[in-house]
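Here is the structure we will look at, set down as structure tokens.
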Amino acid sequence: MQLFLMRHGEAQLMAASDRERALTLDGQQQTSKVGQWLLQQHVNFDLILVSPYLRAQQSWQLLAPLFGEDKQVLTCEELTPDADPSRAVDLLLAYGEHYQAKQVLVLAHMPLLGYMVSDLVMGSEPPLFATSGIALIEPNQQLRQLSWLYTPYNLA
């Protein structure tokens, strides 16, 4: 199973709560650019797991028309910024297995995503994800490896 971990686009600094921070115009453009790049790479998600926070939901709304709105999309409270990374990884793997997914997108936040990478890839340090940054974790024999981590600024 290929795991695509993506951070939401740039969000406004001010809102009634962290949960309600909306994407900025730059954040919308970043997310759309990554989505177009993923389409060029022939990515076809079977399962999408999204944080309930507004900026992550808005990021998915930008990606949904590109990847088909008929996909299995789940909003998960376990994908918030301060969520337990081990629990988030367990949830991701369980849902991936349940839905027999080949390509899974997780749309969430820092620092959670960095810690999830560290949990998924043995011996790795938690990487930093730029806004709209995306990483691919793939199986490698009995282990998983971080194949790449891109930002909207270093996509070919």
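The values are calculated or read from the model by the stated rules, or taken from the named source; none is laboratory data. The structure displayed is predicted, hence computed values, not measured ones. Ideal geometry is used to build each Cβ from the backbone, glycine not excepted, and the neighbour counts take in all protein chains shown.
Quick notes on this structure:
- Count of region 12-64 residues, restricted to those that are of a type in the set (D, E, K, R) and under 20 Å from residue 152 (Cα atoms), is 3.
- Lone qualifier among 10, 78, 97 - being at pLDDT 95 or above and exposed (fewer than 15 other Cβ atoms within 10 Å of the Cβ): 97
- When residue 70 is tested against (1) under 22 Å from residue 46 (Cβ atoms); (2) assigned to a loop (DSSP other than H, G, I, E, B); (3) in contact with a Pro (Cβ under 8 Å, 6 or more places away or on another chain); (4) of a type outside the set (A, V, I, L, M, F, W, C), only condition (3) is not met.
- From the list 86, 118, 132, the one residue that fits, being on the phi > 0 side of the Ramachandran plot and at pLDDT 95 or above, is 132.
- In region 109-156, the residues that are closer than 17 Å to residue 8 by Cα, without any contact (Cβ under 8 Å) to a residue 24 or more places away in the chain, surrounded by fewer than 15 Cβ atoms within 10 Å (Cβ to Cβ) and not hydrophobic (A, V, I, L, M, F, W, C): 153, 154
- Looking at 49, 63, 93, just one residue is part of a strand (DSSP E or B) and either in contact (Cβ under 8 Å) with a residue 60 or more places away in the chain or of a type in the set (A, V, I, L, M) (or both), and that residue is 49.
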